[in-house]
Amino acid sequence: MSSHTTVQNPILPGFNPDPSVVAVGDDFYIATSTFEWYPGVQIHHSKDLKNWRLVKRPLDRKSLLDMRGNPDSCGIWAPCLTHHDGKFHLIYTDVKRFNGNFKDAHNYYTTCETIDGEWSEPVYMNSSGFDPSLFHDDDGRKWFINMIWDHRHENNQFGGILLQEYCEKQKKLVGPIKNIFKGTKLALTEAPHMFKRNGYYYLLTAEGGTFYTHAMTMARSKNIDGPYEEDPHGYLLTAKDHQDLGLQRTGHGDLFDAPDGQSYLVHLCGRPLDGERRCPLGRETGLQKTLWGDDDWLRLESAVDAEANGNSTTSNGLPEMEVKVSNLPEHPWPAKTERYTFDSEELHIDFQWLRTPTPESFMSLTARKGHLRLIGKESIGSLFEQALIARRQEAFAYTAQTELEFSPENVQQMAGLTCYYNSTKFHYLYVSVDDEGQRFVDIMSCLGKSDMGLNFPLREGHCGEFITDTRFMLPKEGKVYLKAEVDHHKLTFHFSMNNKDWTKLPVNLDYTIISDEAGGGDGCHFTGGFVGMACQDVSGQKCVADFASFTYKENS
C-alpha cells in the first residue's frame, strides 16, 4: 500500500476564506470567515485531510453575533481556532464598517469543550484591528495578536502586528501592547498566527492584499515580543508572479502537524474563470505540504523538491493543485445533499441567511408542514432585515431549482430564486404581479458599479436594480417551478408550471458579476456566490411565500 494519498485542491471549494486549522488527535478542524452570512464562522471536520464536512457554525445567537446594518463584506473576518486545556478556543472579529478611513473592528473570544456544542458567552477583547488570534505558550500564558488598523490617511493603514497578554482569571487583556512586526516590503501585513518550535517564536502573516498579489510571510524571533527576522527564502507561499497557475490569490493561512509529525499549511486561494480574472466561487481553502529545514525555516515540499532537481525558478513557494499527503485511513462522509425538503423543524446546515440573529422573524418551517415559509421583508439589497435563504456555490457549473407557491397582491411583493453575491451584485428570477393583479415571472439584476455591456433592455437607471422586461404571464394561482442553470460565465433562468415543460427566459446573463473582482459596488468584496430562495414585501404587509423543495446539483 502506498504511504501517500493525493488530495485535490481546493479542499474546501466555494466561499471558505481565511482558514484557521487545528489538529486534535486524529481529527482536523478548519474555521473560515463568513462575513455578513449568519450564523457566523464555518467549521469543517476531516479525519484524512481529503474528505471534509461542515459540522458547526458556532456564532448562532444574538449575544455572540448581531450583524444587522453591517455593510457588505463586513461581519466575521478571519477567525482563529485553537485547542488547549481540553477545550476549543475561538477568536473572531465583527467588522462594522468597510468604507472610509475607519474599520470599527470588534474582537471577541468564546470557548467550547466540543466543536459542535453550545459556545460560551463572548469575552470582548479589543477593537484596534482585525485578524485576531490566540497563542497558548508552553509556560501557561496566553497571548492575543492582531493587526492594527491605522486610520490616518498619510500612514500605512496596515500598521503592524500587536501583541498583548490575555488573563484567563480576569477575562481581559492585560499588560503592555507591543507592535512586534511591521511586515515586509510587500506590505498590507495582516492575518497573524504564532507558533513555537525549537526555541523560536514563529509569526505567520499574510501580505500583499487578498487579490492577485497575495502572499504568506514567515518571520521568527527568540523572544515573543521580537525583534522578528524575515524568512531569507522569500515568501512561504504565493502565486503573485505566476498568473498561469490554477490556484491564484494564495496567502492567508495557518499551520498544523498531522499525527505522524508531517507539517502542512492551509491557505486562502481562488480559481479564476478561463479568460477572466474573476472567481464566482469566491475565496476558497487549499492545502500544501511543508518541510522544516536544517536551518529551522519552513518551506513548501514542492519548493524543496524543485530546488533539489535544479528546476526552481523562484525562491517563493508556489501552490500545487494536487498534494501528496500522509496515507491516513480513508474516512469519507455521507454524500452531499442535492435535493432539500423542509420536513424538519431545523434548516439544513448547508443554508445560511444574512446578518440577523432572529431568523424566526422572516422564516418558518412549522407554519406549513413540509414547506419553508418566507415572510416578505425589506428589499433584496437591504442591510438590515431581508428574507433570503441560500447555500454556497461549490462548482463552476450547477443547476438550482425550487418549487414556489406565492400569491402576491401588489407590485411591491415578490418571491423567487436568486443567484446572489451581495446587495449590489445579484441576478433574481422572481414572481410578482402587475398593476392589474396579473401574476408574472421576470428577471431583476444588480450589477454593482460596473459598466458591463448588457444584452437586454433595462427599465431602471444605472447602479441600481435592473428589470429585464422579459416577463411571462402566469396563471393567477398554482405552483411555479423556477430554475437557474450556471455554466461558468453564463447564467440562464427557466420556469415551469408542471416541472416538465420548461420555458427559458430569453436572456443570457453574465454570471461573472457574481464575484469579488466584478462590478466594484462600494469597494472590493470578500465573499462568494450563493444561490437560494427569497421573498420581499416592501409594502410592509408581510406577504408569505412557501417553498416545497430546493435542489442544487453540480454539473460536469
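Rule-based calculations on the coordinates, nothing more; no lab input. Just so you know, these numbers come straight off a predicted model, no measurement behind them. Here the Cβ is made from the backbone with ideal geometry for all residues, glycine too, and neighbour counts use every protein chain on show.
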Query raised in the report: Taking Cα centroids, how far is the range 1-37 from the range 267-317 in Å?
Result: 16
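Sort largest first and round to whole Å: the equivalent ellipsoid semi-axes of the chain, each the square root of five times a Cα gyration tensor eigenvalue. Mind showing how you got there, number by number?
Working: eigenvalues 349, 121, 102 Å².
Square roots of five times the eigenvalues give 42, 25, 23 Å.
Over 23 Å between Cα atoms, which of Lys182/Lys222; Lys103/Lys289; Lys103/Lys222; Lys500/Lys553; Lys369/Lys479; Lys87/Lys324 qualify? Can you show the working numbers first?
Values: Lys182/Lys222 17 Å; Lys103/Lys289 35 Å; Lys103/Lys222 33 Å; Lys500/Lys553 17 Å; Lys369/Lys479 16 Å; Lys87/Lys324 30 Å.
Long pairs (Cα-Cα over 23 Å): Lys103/Lys289; Lys103/Lys222; Lys87/Lys324.
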Requested in this report: Using just the helices of the chain, give the 222 nm mean residue ellipticity in deg cm²/dmol: DSSP H runs with n ≥ 4 each add -39,500 (n - 2.57), and the total is spread over all residues, rounded to 500.
Outcome: -500 deg cm²/dmol
**Report entry** Using θ = phi - 60° and Karplus 6.51 cos²θ - 1.76 cosθ + 1.60, couplings along the range 395-409 (whole Hz; Gly, Pro as x)
**Finding:** 8, 5, 10, 7, 10, 10, 8, 9, 10, 10, 10, 7, 10, x, 10
Query raised in the report: Whats the longest run of the chain with zero GluC sites (Glu not before Pro) that are DSSP loop and have at most 13 other Cβ atoms within 10 Å?
Result: 169-329
Query raised in the report: So how far, in whole Å, is the C-alpha centre of the range 40-64 from the one of the range 480-551?
Result: 26
Query raised in the report: Once Lys and Arg get +1 and Asp and Glu get -1 on their Cβ, which of Gly251, Leu491, Gln413 lies farthest toward the positive end of the dipole of the chain?
Result: Gln413
